[in-house]
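See below for the structure under consideration.
Please treat every number below as a calculation from the coordinates, not as lab data. What you are looking at is a predicted structure, and each value in this text was computed from that prediction instead of being measured. Every residue, glycine among them, receives a Cβ derived from its backbone with ideal geometry; neighbour counts consider all protein chains shown.
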Amino acid sequence: MKPAAAVTHADVAAYAGDGVVCLRQVFAPEWIELLRAGFARVLAEPTEARAEHGRRAGERFFHDANTWARVPEFRRFALESPAASIAARLMGATRLNFYGDHVFAKEPNSPQSVTPWHHDYPYLRVTGEQVCSVWVPLQRVTAESGGMRFARGSHRWGKVYRPVRFTTGEEFGTEEFADSVPAIDADPARYPVVSFDLEPGDCTVHHGRTLHAAGGNRTASLPRRAVSFRYAGDDARYAEHRHQPQFTRFATGLKPGEPLGGSHYPLVLDTEGPRGRVLQAEADAGT
Ligand SMILES: O=C(O)CCC(=O)C(=O)O
């Protein structure tokens, strides 16, 4: 579980202050190979929640979510790779549940296939401060291939903004959320943005309220494939929204306000209670 490179105090401070941090070479090559195998499996046999967000004919922006139940490579990565301990350390969590995976592929020559500015909270069935996503690329990622961009400190703006459809950029959930995502790119002085070129083995970790976006893939030959592994810590509670995106429409057996748990949200780390193998065994048994 230990990351190949340690998470430093400076990383923890960056995550707390900016709502995002880039970690270099925290996943050994075997972990990335495992993800590539899982990714091939998802592309070959996507779930019902898959969507194609390509904005123009000939472009491909593929997305799928919560595939880990049937993709053993992702399940193993989520529960056993350094991702969980990275998430716990950055959030200061003593207990950690895995929330789910999210798979994104922007193929070359997909320049219009942008990821609109959004944050994750209005899409997720969880509330709390300790919710984050570990975004792990499978190959080099540059601004040109669709690198992620983050509005620095936006997790501290105290708002949950309306979700937007990736296919069109239109917002939804208008009765539930009062505010639209601010026009981040229109005012760089007011809304500073950070981005990172990444190599395999690197990742970014963003807070569930950090606004983020990404360009299309403007390269001719570099795919842009990544998997987000989402985790929730001590204060996270199950929540429901009136507008459930397709990929969250499954029965959890939980009531709003309850801590996460059960087979959908397995406990992966508990520094104060019985942990490690016992919890792993529970997750494997689907309890
Ligand atoms: O990869 C992308 O373009 C979007 C990723 C994202 O929104 C996320 O991981 O929360």
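How much length is gained on full extension from GLN25 to GLU175, taking 0.36 nm per residue of separation minus their Cα-Cα distance?
49.7 nm is the gain from fully extending GLN25 to GLU175.
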Ordered by fewest other Cβ atoms within 10 Å, a rough proxy for footprinting exposure, GLU129, GLU170 read GLU170, GLU129
Residue-count net charge about ALA69 - beta-carbon cut-off 11 Å; Lys, Arg +1, Asp, Glu -1: +1
Can you give the FRET efficiency to the nearest 0.05 for ASP185 and ASN109, using r as the Cβ-Cβ distance and R₀ = 25 Å? 0.60
Please report, to one decimal in angstroms, the Kirkwood hydrodynamic radius of region 9-285 built from all distinct Cα-Cα pairs. 18.8
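Could you list SER81, SER110, SER221 so that the one with the fewest beta carbons within 10 Å of its beta carbon is first and the one with the most is last?
By the 10 Å Cβ count, ascending, the order reads SER221, SER81, SER110.
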The ³J(HN,Hα) series, computed from each phi in region 82-89 with the Karplus coefficients 6.51, -1.76 and 1.60 at θ = phi - 60°, rounded to the nearest Hz and given as x for glycine or proline, is x, 4, 5, 5, 4, 4, 5, 5
Taking 0.36 nm per intervening residue step and subtracting the Cα-Cα distance, what contour gain separates LEU43 from SER263 on full extension? 76.8 nm
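Name the GluC sites (Glu not before Pro) in region 18-60 that are in a loop by DSSP and that have at most 14 other C-beta atoms within 10 Å, would you?
Taking region 18-60 and a limit of 14 other Cβ atoms within 10 Å, the loop GluC sites (Glu not before Pro) found are GLU48.
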Residue (of HIS118, ALA214, LEU23) at the positive-pole extreme of the chain, dipole from beta-carbon charges: ALA214
With a 10 Å Cβ neighbour count serving as the proxy for reagent exposure, in which order, fewest first, do LEU269, LEU23 appear? LEU269, LEU23
Stretched fully, the stretch from LYS255 through GLU199 gains (0.36 nm per residue minus C-alpha distance, one decimal, in nm) 16.1 nm
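Given R₀ = 30 Å, FRET efficiency for GLU33-HIS9 by Cβ-Cβ distance, to 0.05?
Rounded to the nearest 0.05, the efficiency is 0.45.
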Given unit charges at Cβ for Lys, Arg (+) and Asp, Glu (-), the dipole magnitude of the chain about its Cα centre in debye, nearest 20, is 220
Tell me the trypsin sites (Lys or Arg not before Pro) within region 129-170 that lie in a loop according to DSSP and have at most 16 other beta-carbon atoms within 10 Å. ARG140, LYS159, ARG165
At 222 nm, what value in deg cm²/dmol follows for the chain if DSSP H runs of at least 4 each add -39500 (n - 2.57) and the sum is divided by all its residues, to the nearest 500? -5500 deg cm²/dmol
